[in-house]
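So the structure is just underneath, and the comments pick up after that.
The values are calculated or read from the model by the stated rules, or taken from the named source; none is laboratory data. Please read all numbers here as calculations on a predicted model, not as lab measurements. Please note: Cβ atoms are built from the backbone with ideal geometry, for glycine as well, and neighbour counts cover all protein chains shown. The protein model used for the area step is the full one, side chains on, heavy atoms only, and it has no ligands, DNA or RNA in it. Shrake-Rupley method; radii C 1.70, N 1.55, O 1.52, S 1.80 Å.
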Amino acid sequence: MPTPDFVLALRDRLGHDLLWLPGVTAVVRDDEGRVLLGRRSDNGRWGLVSGILEPGEQPAAGMLREIEEETGVIARIEAMAGVWAQPEVTYPNGDRAQYLDLCFLARHVSGRARVNDDESTEVGWFALDALPDDLAENSRRKLASALTFDGRTRWLDDGYAAVPHTGPAALAVLEPGGVVLRRAVAADVGPIVRLIADDQLGATREDPGDLAAYLRAFAAIDADPAQLLAVLDDDGTVVGTMQLTVIPGLSRSGATRCQVEAVRVAASHRGQRLGEQMVRWAVDESVRRGCALVQLTTDKSRADAHRFYERLGFTASHEGFKMALDVGTHRPDEEHR
Ligand SMILES: CC(C)(COP(=O)(O)OP(=O)(O)OC[C@H]1O[C@@H](n2cnc3c(N)ncnc32)[C@H](O)[C@@H]1OP(=O)(O)O)[C@@H](O)C(=O)NCCC(=O)NCCS
């Protein structure tokens, strides 16, 4: 849909002044779990389907209208995933606007995705592990939030409004080259799984082709304040990861401990002390979280990793015992090695 008439009429009176508008965004998924995206004609970037509500229009009805107008797809609304005041935007012509955005989860009902108006130059379905590199950051964040929808509409609690431009807040900026350690979002799940699969041990037990179980696991991790799944972000590319779990305990006079698992640095980025800085941050974070102990396990065959951890001050003081349990696809034995 082009700029709505009511906005043009307001612009006649307001000029470029800031206009507060009701916006809607859809995370539309099909039966294969793919998400519907369009490449915007105004900035050339891929994004979720979005639009402006007409005066008095019901939000869900307006959302379905936008989906159909932009992509030819008939969808149904399943839930409202989030509601946020977005950062102010200035358009190339100088118009300033700010949106109250309602983000809906929707499902494909019928219709082939196609370019259906002049707002998009391309329209298509994308698997979550094959999202376009130039997916707009704003869309990436809303998608990440919607994918972990747990029945409770998000508003401020995922930090959306607090860090509007930079993605999830940096936990640390590392050397060299300003690689950022940050909390993982759902859109990172595909890259993380590919990282842990790119390894002689991981290759036999991970399946980056089917992310459903990994996304379920991510939702559980993300909802638990005792967990932190972090990634190393090199200018938008995930090049490392680790997971921290804070475990209260009775032994050692009621000591809390931090378990560090699934430590990986991409083969392309090894040997630059990124792993060292990431694990040192994990140790500092363990102290900040009141832990008296930080622990990890690593496979007996990983001699390089043993040297790595010993250099960082860890001692191979215990034998780790594991038992694989037969619980279908959840594979609880496949933790950090
Ligand atoms: C172990 C790992 C996280 C270290 O990250 P990194 O950024 O390369 O580490 P740093 O640059 O800070 O330190 C280099 C040290 O890492 C270790 N290392 C280097 N290459 C490695 C590799 N291919 N595999 C394992 N460890 C390696 C070595 O101990 C090296 O020390 P050295 O210079 O004395 O040989 C990373 O190499 C990795 O992901 N390896 C594969 C998976 C793994 O072993 N994970 C840890 C156990 S779950």
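To keep it simple, each residue is scored yes or no on (1) under 20 Å from Ala187 (Cα atoms); (2) modelled with pLDDT of 95 or more; (3) of a type outside the set (Ser, Thr, Tyr); (4) open to solvent by less than 20 Å² (accessible area, probe 1.4 Å).
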position	(1), (2), (3), (4)
Trp20	no, yes, yes, no
Val27	yes, yes, yes, yes
Asp31	yes, no, yes, no
Asn43	no, no, yes, no
Gln58	no, yes, yes, no
Ile74	no, yes, yes, no
Pro87	no, no, yes, no
Asp95	no, no, yes, no
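Being touching a His at 6+ places or on another chain (Cβ under 8 Å), of a type in the set (Gly, Ala, Ser) and farther than 18 Å from Leu128 by Cα narrows it down to one residue among Gly94, Gly111; which is it?
Gly94
Quick one: is Asp5 over 24 Å from Phe149 (Cβ atoms) and without any contact (Cβ under 8 Å) to a residue 24 or more places away in the chain?
yes
Determine which member of the set Ser301, Ser317 is assigned by TED's automatic domain parsing to the domain that holds Pro225, away from the ligand (no atom under 11 Å from the Cβ) and of a type in the set (S, T, N, Q).
Details: Ser301 fails: away from the ligand (no atom under 11 Å from the Cβ).
Of Ser301, Ser317, the one residue that is assigned by TED's automatic domain parsing to the domain that holds Pro225, away from the ligand (no atom under 11 Å from the Cβ) and of a type in the set (S, T, N, Q) is Ser317.
Do any helices (runs of 4 or more DSSP H) lying entirely in the stretch 177-292 carry at least 1 residues that are touching a Pro at 6+ places or on another chain (Cβ under 6 Å) and either more than 24 Å from Arg307 (Cα to Cα) or away from the ligand (no atom under 13 Å from the Cβ) (or both), and which ones are they? Give the derivation first.
Details: elements: 189-197, 212-223, 251-254, 274-288.
Helices (runs of 4 or more DSSP H) meeting the threshold: 189-197.
Could you please give the count of residues in the stretch 9-18 that are of a type in the set (A, V, I, L, M, F, W, C) and modelled with pLDDT under 95?
2
Is one or more of the residues making up the stretch 280-288 touching a residue at least 60 places away in the same chain (Cβ under 8 Å) and open to solvent by 50 Å² or more (accessible area, probe 1.4 Å)?
Checked the stretch 280-288: no residue is touching a residue at least 60 places away in the same chain (Cβ under 8 Å) and open to solvent by 50 Å² or more (accessible area, probe 1.4 Å).
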